[in-house]
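The block underneath contains the structure these notes are about, expressed in structure tokens.
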Amino acid sequence: MQFRRCRVLVTGGLGFIGSNLVRRLTAEGAEVTVIDPLVTGCGGKPFNLEGLERQVEVASCSIGDAAIAPLVERAELVFNLAGEISHIHSMLFPERDLEINTLSQLRFLEVCARLNRGVRIVYAGTRQIYGVPEYLPVDEKHPVNPVDFNGVHKYAAAQYHQMLSRMGRIDAVVLRLTNVYGPRMALDIPCQGFFSTYLRKALTGQTLDVFGDGEQVRDPLFVDDAVEAMLTAASTPGLPSRGYNVGGPEALSLNRIAAIVSELAGLAPPRRGEFPADRKAIDIGGYRTDSRKIEAELGWRPRTPFAEGMARTLDYYRECLPSYLDPATPNPPCKLAHSS
Ligand SMILES: NC(=O)c1ccc[n+]([C@@H]2O[C@H](COP(=O)([O-])OP(=O)(O)OC[C@H]3O[C@@H](n4cnc5c(N)ncnc54)[C@H](O)[C@@H]3O)[C@@H](O)[C@H]2O)c1
């Protein structure tokens, strides 16, 4: 992989996955520009890029703003991670999710296609588009049946990438990521999925809750492995496919995931609880990715076992927890509810 001196644009680069990607790219010698206005309710933080202030230019505007034109024009490579990940937020504020995950993407891609024809774009798609799996593991042929607005809106954005690629106006690849975890995930925003909640509780000494019977499987993907998948997709010439499912190395039940996190954090065993109604309505049951296509075509596979990735994640937050969570408010209120 050769990113040295490559002019790279990362949208959503102050967020969880984006900032880990930016750190890796700068370590490889890339010249990185970030577009991220730190949207309220999303997971971005300036602290995620602490120490890189002189190396990385950060444009504090939306990817839907006209101001991005010169940044797009000079980019040799684009990683498009701008987005809202919360399924609950999407159900509470669907038009907000539409604006962030779809309309802004449409505006952004039109600028890319107009000012930087044929540019390679790696888009962070989601497994949420598949909805409740009809079979496991979920491959790329699985029907698309999202259970929430987030899944619908992210699917539309993924389709924009693929349609414009078919027309030859951009050269995009969509990676449908499973649940990603690791350092720099936001901990101070409720409704961002169970990993954020588990980490917040684990780091503030609270017992973890598992909803339902806890036997739903997930295949957690460590963020370094997700970054590696993106770099691989970015640097493969003549991509054989425009879309790949990207999952973690192990299928673990939520009971097992919660037990591993609790053990690593020195907590009491997890508790069983009833599903809150808002979560139950959009629960997808069990999910496991079939990542064989990306392995066969691009040579990527996940490498980090869950217990190892989670131990590294907890170590990271122990060093700098106050930058992610006010210990006096271990269960922070929803920022969206307060700002809208
Ligand atoms: N975290 C996961 O488990 C996961 C799983 C599947 C897909 N994804 C996708 O990966 C991407 C990154 O997710 P994350 O977990 O890092 O989320 P995050 O919330 O930590 O980061 C997203 C960043 O995007 C920024 N952003 C939002 N709207 C923007 C806009 N219009 N212009 C520029 N920036 C904007 C936010 O300010 C935030 O910093 C998202 O597109 C998400 O849908 C994440």
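Laid out as a table, the results:
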| item | result |
| --- | --- |
| Test: residue in segment 110-125 that is over 21 Å from Val246 (Cβ atoms), at pLDDT 95 or above and of a type in the set (Lys, Arg) | yes |
| Answer from Val22, Val8 - the residue that is in a strand (DSSP E or B) and modelled with pLDDT of 95 or more | Val8 |
| Some residue of segment 54-75 being of a type outside the set (Val, Ile, Thr) and within 20 Å of Val173 (Cβ to Cβ) | yes |
| Within segment 185-215, tally of residues that are within 16 Å of the ligand (Cβ to nearest atom) and part of a loop (DSSP other than H, G, I, E, B) | 9 |
| Given (1) out of contact with any strand residue (DSSP E or B) (no Cβ under 6 Å at 6 or more places or on another chain); (2) surrounded by 17 or more Cβ atoms within 10 Å (Cβ to Cβ), number of the condition Gly247 does not satisfy | (1) |
| Flag if Ala234 is of a type in the set (Gly, Ala, Ser) and closer than 30 Å to Leu25 by Cα | yes |
| Arg54 touching a residue at least 12 places away in the same chain (Cβ under 8 Å) and charged (D, E, K, R) | no |
| Residues that are surrounded by 17 or more Cβ atoms within 10 Å (Cβ to Cβ) and either charged (D, E, K, R) or without any contact (Cβ under 8 Å) to a residue 12 or more places away in the chain (or both), drawn from segment 289-300 | Asp290, Lys293 |
| From the options Gly285, Gly248, residue that is at pLDDT below 95 and assigned to a loop (DSSP other than H, G, I, E, B) | Gly285 |
| Verdict on Ala328 being without any contact (Cβ under 8 Å) to a residue 60 or more places away in the chain and part of a helix (DSSP H, G or I) | no |
| Residue in segment 10-17 that is touching a Gly at 6+ places or on another chain (Cβ under 7 Å), within 20 Å of Phe108 (Cβ to Cβ) and more than 9 Å from the ligand (Cβ to nearest atom) present | yes |
| Single residue of Val132, Val144, Val122 found to be surrounded by fewer than 21 Cβ atoms within 10 Å (Cβ to Cβ) and touching a residue at least 24 places away in the same chain (Cβ under 8 Å) | Val132 |
| Residue that is farthest from the ligand (Cβ to nearest atom), among those in segment 18-32 that are touching a helix residue (DSSP H, G or I) at 6+ places or on another chain (Cβ under 7 Å) and in contact (Cβ under 8 Å) with a residue 60 or more places away in the chain | Arg24 |
| Yes/no for Glu297 being assigned to a helix (DSSP H, G or I) and at pLDDT 95 or above | yes |
| Test: residue in segment 60-68 that is surrounded by 19 or more Cβ atoms within 10 Å (Cβ to Cβ), of a type in the set (S, T, N, Q) and within 21 Å of Ser196 (Cα to Cα) | no |
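A quick yes/no check of all residues on (1) outside any helix (DSSP H, G or I); (2) at pLDDT 95 or above; (3) touching a Gly at 6+ places or on another chain (Cβ under 6 Å); (4) among the β-branched types (Val, Ile, Thr):
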position: Ala268; (1), (2), (3), (4): yes, yes, no, no
position: Pro302; (1), (2), (3), (4): yes, yes, yes, no
position: Glu308; (1), (2), (3), (4): no, yes, no, no
position: Ala311; (1), (2), (3), (4): no, yes, no, no
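The values are calculated or read from the model by the stated rules, or taken from the named source; none is laboratory data. None of these values were measured; they are calculated from a predicted model. Note that each Cβ is placed from the backbone with ideal geometry, even for glycine, and that neighbours are counted across all protein chains shown.
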